[in-house]
Amino acid sequence: MMGVVGASIGNFLVAFDASAINVALPTATEELHATVDVGQWFLDGYTIPLCVFLLVSGAIGDRYGAVKVYRWSMLAFLAASVACAVADTAGTLIVARIAQGVGASFVVPMTLAILTKGIPDPRRRSTMIGAWGVVGGIGIASAPLLSGLITEYAGWRWLFLINVPICAFALRATRTIANIPADQPRRFNPISQLLLCVFLTCIASVLIEGRRLGWSSVSTLAMAGIAVLSMAALWQVERRSAEPTIPPALARNRSYLLIVCAGSFYQFASYGSLLVLALFLQVRHGLRADHAGYIMSICCVAWLLGNVLAVKVTPDNRRQAILAMAAVGCIGAVGTAALSLTEKIVPAMVPTSLIGVASGVLASSLSAAAMHVSPHTVSGVGSAVLNTSRQSGMVIAIALLGGLSFDHQLLVPMLLVASAFAIVLVTTALAFRPNLFKQSSAQRLQSSACQFPSRG
């Protein structure tokens, strides 16, 4: 049990470090004499490599074993956290955050792969994945309040220094876990990884820098063009590859792909709402970091409640839970957008409790649904693809909603959040259509059966 806790702590750290800097962003930007646009790279400098290297980490985890890769990545994350804490310029912090994101990209899929491979019983595995989601949810939900208090009374650098003892505990706890036997080794294509990195970086650059340079400027249009070309090239490379980044067992699984799509829009909505609220309270209303954290606790406490409720979600009621929570999140975002027009802070924050509950339940429920319909033989890559999709949603949320929050307060950003929750509802409903679900289950059983003789 201690080993499972140690593995789940990695999920907490990655989630916390993605969210904590939101509240500290105005303070860190001012202290390092950075502009708003540069400050957004404090966030995307972490999330872009986190997203890009997830697919590589999944293949490496399948090759060398999840536990071994997890422990090495935690050491890298620890070192990068120290570098973030001592950064004395904006450029240094961005570089350190990139290194931290690379380490985090190897932590996330390994935690899920450890649970998926190490717990054969489906119901117990579902429960433990729910607990895994709770730990990650605690990282996200506690980040605004803890970040506000730490930033106000100790300084934003301590947001990174507190990672040191937590990483040390995780490393000690996971010594008790035997390294998960590696699956059949899979190669990864560095060209695909490079093209994905170029695509996400250019998209983020367009959304962040386009506001400053102008949407029709040569630089903005050039970055948009490179993004389109890199995505087209990535599509061609994957089509012609003998061993594509996404295995055929996943690429042909329509239920899995739809759930992965839902995961991306979920992350856009849940993480984006926290970023929007933090900027709204501090930049628009001039609140201190700790006061903003207190007010955001309305959403965050509800998020924790949602994580607790998520443990009760089983394979039998998962479909209903996901659809219901997507609808609840959509209602909460629309309510927040509407009440923000009154210019009264507290009333506008009340509907964010609905966003929090929905986000808490959906986090682990979508993960469990995706892992349920994906073959166990490629669970490492399966979890990496899922998390890559989710983190790409976070990248776009930072780049798009961060800028809109300065121009449109809560109205437009929250309507976009509501739209994302609505897309989660639609894609999940399609994924759980009986004919699709039966097909995915059949594919999963067929894949497992094909692997069975090799174990004899």
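Nothing in this text is a laboratory measurement; each read-out follows from the coordinates by a stated rule. Keep in mind that what you see is a predicted model, and the values were worked out from it rather than measured. Counting neighbours? That spans all protein chains shown, and the Cβs are built from the backbone with ideal geometry, glycine included.
Place the peptides 88-96, 423-431 in order of packing, highest mean first, counting for every residue the other Cβ atoms within 10 Å and averaging per peptide.
So the order, starting with the most tightly packed, is 423-431, 88-96.
By counting other Cβ atoms within 10 Å of each Cβ, how are 433, 254, 175 ranked from fewest to most?
So the residues, fewest neighbours to most, are 175, 433, 254.
If every alpha-carbon in region 1-102 counts as one equal scatterer, what log10 I(q)/I(0) does Debye give at q = 0.11, 0.15, 0.19, 0.23 1/Å?
-0.36, -0.64, -0.93, -1.23
Report, in degrees rounded to the nearest 10, the 0 to 90 angle that the Cα long axis of helix 318-339 makes with the longest principal axis of the chain.
Roughly 10 degrees, rounded to the nearest 10.
Could you please state, rounded to a whole Å, how far the C-alpha centre of region 64-111 is from the C-alpha centre of region 235-291?
20
Projecting each Cα onto the charge dipole of the chain (Lys/Arg +1, Asp/Glu -1 at the beta carbon, about the Cα centre), which of 160, 246, 85 comes out farthest on the positive side?
With unit charges placed on the Cβ atoms, the residue in question is 246.
Go through [x] 105, 53, 45; [y] 66, 47, 41; [z] 77, 41, 36 and flag the label whose value is the computed Cα extents along the principal axes in Å for this structure.
Computed from the coordinates, Cα extents along the principal axes in Å corresponds to [y].
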